[in-house]
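The values are calculated or read from the model by the stated rules, or taken from the named source; none is laboratory data. Note that the coordinates shown come from a computational prediction; the quantities given were computed from them, not determined experimentally. All Cβ positions, even for glycine, are placed from backbone atoms using ideal geometry, and neighbour counts span all protein chains on display.
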Amino acid sequence: MTDVGRHPRIKLHTLSEVVDVKGYVGNFDVRILKKARYVDEKECTACGDCAEVCPVVRPDEFNLGLSSRKAIFSPFPQAVPSAYVVNINECLGHNPSVCAKCIDACDKGCINFHMSDQEIVESVGSIVVATGLEPYDPKELDEYGYTRFENVLTSLEFERLINAGGPTKGEVLRPTDRKRPRSIGFIQCVGSRSAKKGGNYCSNVCCMNTVKGTLMLKEHYPDIDIKVFYIDIRAFGKGFEELYTRSRRLGVHYLRGLPGTVEEDPDRSLRVAVENTATGKLEIHHLDMLVLALGIKPASSTQKLQEMLGLQLTPDGFFLEAHPKLQPVDAATRGVFYAGCAEGPKDIKESVTQASAAAARAIRLMHKGEITSEPITSQVITEHCKSCGKCAEVCPYNAITVDVKKKIPAEVNAAACAGCGTCAAECPFGAIIMNHFTDPQILNQVEALLEEEPKEKILAFACNWCSYAGADFAGVSRLQYPPNVRLIRTMCSGRVDEKFIWEGFEKGAPVILVSGCHIGDCHYIDANHWTEKRIKKIHKKMEKSGIRPERLQLEWISAAEGIRFARVMERMEALRQSVTEEEIAETIEILKNRKK
Amino acid sequence: MGNVDLEHADMNFRKELARQPGGEKISACFMCRTCVASCPISAVNDRFHPLRIIRMALYGLKEQVLSSDFIWLCSSCYACQERCPQGVSITEFMTLLKNMAAKEGHMPAGIRAQLDLVKGEGRIYPIDDFDNKKRAKIDLPAVPTTCGVVKELFPE
């Protein structure tokens with residue numbers, strides 16, 4: 001942290017909040033609100049004379065309220081920059097002069113109450129989102145009595161107690177009587193793996209944090225009695241199982257079963273009722289102190305930042321990476337990367353790994369000073385655009401700007417466009433050209449493929465990343481499937497325009513298949529949602545005009561599902577055989593009449 | 001506890017339960033034992049064990065679960081349901097089991113007696129002339145000693 005503060009090429013904005021982000025990869029404009037510190041950052045030597053005279057005493061946030069600080073303070077000894085800060089809401093104020101004792105105490109005259117919040121705009125090329133986490137608030141888990149019993153602590157409070165730099169200098173003391181506890185219990189999965197309270201995911205770090213806590217306790221006080229109540233101990237990392245074994249060898253009692261109730265004895269120690277899985281008996285444990293191993297929740301700023309940067313979230317509320325295996329640190333928006341718990345619960349080592357990867361990914365993108373991007377982008381024919389805003393609505397990358405009210409035509413930001421083609425498929429006025437996958441190109445393919453014996457053919461649209469690759473896989477795996485399938489490749493199933501389907505049926509296609517990546521696996525964030533919606537709409541239209549809706553099928557086939565591809569094609573062939581020549585002729589007639 | 005006899009297990013029992021209100025989420029149970037540790041009945045009577053009942057139901061031991069008397073021990077305090085991290089509606093599941101047991105004709109004599117009493121008298125604790133005399137003493141109006149209208153609610 002101090003290295004970052006000292007680095008000549010890193011600009012660190014503390015006490016700052018990102019208000020707005022505009023632009024795209026290579027050209028982001030970030031508006032930052034830098035709050036007033038009321039202390040000259042460069043002059044202050046953090047001598048602490050000001051804090052000594054400050055009369056305002058407040059709970060210290062860094063020590064989770066286990067100690068106190070003043071209204072002018074340094075959050076913790078290693079804080080960067082090494083300068084004090086005034087919490088102006090707590091300060092008694094100097095105008096009219098109420099206190100101003102700190103100003104008198106400061107020899108260097110660093111304190112200045114006339115500072116005001118500043119707005120800064122920084123131009124940056126890429127952004128790493130490392131907004132961290134928030135611990136779970138255990139107040140709602142009433143059975144553990146966190147709000148009722150003083151000797152029930154959270155794992156963070158315990159961490160401050162056992163930390164040598166903490167308020168007790170590393171001496172573990174009971175909050176009620178300031179005496180060393182003879183026995184300590186840990187409850188795992190507080191706010192984790194719960195469908196109702198907290199998150200239903202595993203928070204990843206709490207098991208090993210507890211194991212570390214038990215080892216430190218045993219090191220400090222070998223005779224202390226430690227019990228850990230858990231559902232599963234997840235010691236999966238390098239060297240973790242060894243730590244767990246060591247903890248058990250030192251006599252820490254690991255007891256499978258989550259407590260149901262915690263009550264307080266008259267001497268303020270705690271009575272924990274738990275059923276021990278090993279014995280199958282309900283046991284009552286008397287403990288001097290209880291520690292709740294808190295789970296990890298996404299930071300509260302996540303949603304705001306998500307809207308600002310146009311990012312996606314997982315159902316848990318963490319940021320969603322572009323691909324879980326192949327692009328684990330990239331956001332779907334080009335030029336944005338993730339590091340640490342913003343992307344999901346993880347420990348320090350993993351966070352450092354991810355942060356290093358994010359930095360390297362950003363450098364790889366930025367070092368040339370220019371980036372190359374695919375020519376497959378969409379383009380608006382301004383004269384045809386009616387500024388309806390549909391394209392901007394469906395674009396997964398927010399690459400299209402259009403002002404519906406002022407009727408300013410749509411404009412595509414080529415650097416932000418990834419080329420899925422959903423906008424072109426959705427545009428009701430044919431005002432968008434999808435380069436390399438234009439309407440005439442695809443319509444000509446449809447025509448060519450159905451030129452001879454159309455009733456023998458299966459027309460299939462396949463997306464480049466999943467279904468087309470799935471077909472490839474079926475081929476290289478030497479799988480047998482009907483040879484009368486005719487594939488048309490699009491970048492995304494979202495490109496498949498309604499008019500391609502009608503054209504297909506009008507040219508005599510018995511059946512048409514639209515295929516793409518599974519929902520949630522779309523390579524263009526969520527463009528295939530629009531495919532699904534569109535197909536539903538077409539099905540309804542088909543039903544209305546008297547065409548059997550089954551003749552248009554939608555299937556999700558991934559690149560690894562060669563077998564599935566072959567099965568789907570067999571099904572399509574069976575379906576094709578069910579379509580009679582009369583039916584095809586009737587459909588062609590219906591569609592021709594519709595055009596008239 | 002003896003060996004679990006899965007020979008006569010009814011594998012469709014869990015599906016049958018999942019279709020009914022209260023039984024939808026029982027297979028989400030990951031045996032953390034919060035329910036047992038929360039249960040005021042388990043604390044005093046180790047024959048009642050919510051987790052064991054759920055596991056028996058999931059194993060398909062239909063006959064054993066429905067004919068047992070332990071399902072009737074639940075006091076419906078909802079402590080387990082409130083605390084279950086997996087969102088299993090344990091108390092409602094117990095009600096479901098009781099209803100199923102009653103339909104199959106398994107009902108402890110005490111419960112049966114209560115049921116008959118309600119059916120016949122409309123009350124579990126019948127009111128007689130003695131109660132009305134006591135009420136009269138403190139100027140309370142008399143209440144009817146029979147409640148025959150209840151019979152209309154339970155057509156045979």
For A:Thr277, are the conditions met, namely being within 14 Å of chain B (Cβ to nearest Cβ), touching a Lys or Arg at 6+ places or on another chain (Cβ under 7 Å) and surrounded by fewer than 19 Cβ atoms within 10 Å (Cβ to Cβ)?
yes
For B:Asp46: the one exception among (1) more than 9 Å from chain A (Cβ to nearest Cβ); (2) more than 16 Å from the chain's Cα centre (by Cα); (3) not in a helix (DSSP H, G or I):
(1)
Can you tell me which residue is surrounded by the fewest Cβ atoms within 10 Å (Cβ to Cβ) among those in the range A:246-258 that are farther than 17 Å from A:Tyr146 by Cα and within 14 Å of chain B (Cβ to nearest Cβ)?
A:Arg256
For the range A:289-343, name all the residues that are assigned to a strand (DSSP E or B) and of a type in the set (Val, Ile, Thr).
A:Val291, A:Ile296, A:Val336
Hey, B:Ala28 hits all of (1) surrounded by fewer than 19 Cβ atoms within 10 Å (Cβ to Cβ); (2) closer than 14 Å to B:Ser89 by Cα; (3) more than 8 Å from chain A (Cβ to nearest Cβ) but one; which does it fall short on?
(3)
Identify, from the list A:Lys179, A:Lys169, A:Lys108, the residue that is exposed (fewer than 15 other Cβ atoms within 10 Å of the Cβ), over 30 Å from A:Asn87 (Cα atoms) and not aromatic (Phe, Trp, Tyr).
A:Lys179
Flagged pairs (Cβ under 6 angstrom, 6 or more apart or on separate chains; first in the range A:454-476, within 10 Å of A:Phe565 (Cα to Cα); second acidic (Asp, Glu)) are A:Gly470/A:Glu561
Test A:Ala342 against the stated conditions and say whether it is in contact (Cβ under 8 Å) with a residue 12 or more places away in the chain, of a type in the set (A, V, I, L, M, F, W, C) and over 18 Å from A:Tyr144 (Cβ atoms).
yes
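If you take the residues in the range A:40-64 that are of a type outside the set (A, V, I, L, M, F, W, C) and touching a residue at least 60 places away in the same chain (Cβ under 8 Å), which one is surrounded by the most Cβ atoms within 10 Å (Cβ to Cβ)?
Among those that are of a type outside the set (A, V, I, L, M, F, W, C) and touching a residue at least 60 places away in the same chain (Cβ under 8 Å), it is A:Asn63.
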Taking strands (runs of 3 or more DSSP E) that fall entirely within the range A:382-450, which contain at least 2 residues that are in contact with a Ser or Thr (Cβ under 9 Å, 6 or more places away or on another chain) and surrounded by fewer than 23 Cβ atoms within 10 Å (Cβ to Cβ)?
A:400-403, A:408-412
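Can you find a residue in the range A:73-96 that is part of a strand (DSSP E or B) and either without any contact (Cβ under 8 Å) to a residue 40 or more places away in the chain or not hydrophobic (A, V, I, L, M, F, W, C) (or both)?
Yes: one or more hits.
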Go through (1) buried (at least 16 other Cβ atoms within 10 Å of the Cβ); (2) free of Cβ contacts under 8 Å to residues at least 60 places away in the same chain for A:Thr261 and report which single condition fails.
(2)
Matching helices (runs of 4 or more DSSP H) fully within the range B:59-145 where at least 3 residues are within 14 Å of another protein chain (Cβ to nearest Cβ) and within 30 Å of B:Cys32 (Cα to Cα)
B:79-83
Scan (1) over 15 Å from A:Thr131 (Cα atoms); (2) modelled with pLDDT of 95 or more for the single condition A:Gly310 breaks and write down its number.
(2)
Give just the number: which of (1) away from chain B (no Cβ under 14 Å); (2) at negative phi does A:Arg271 not satisfy?
(1)
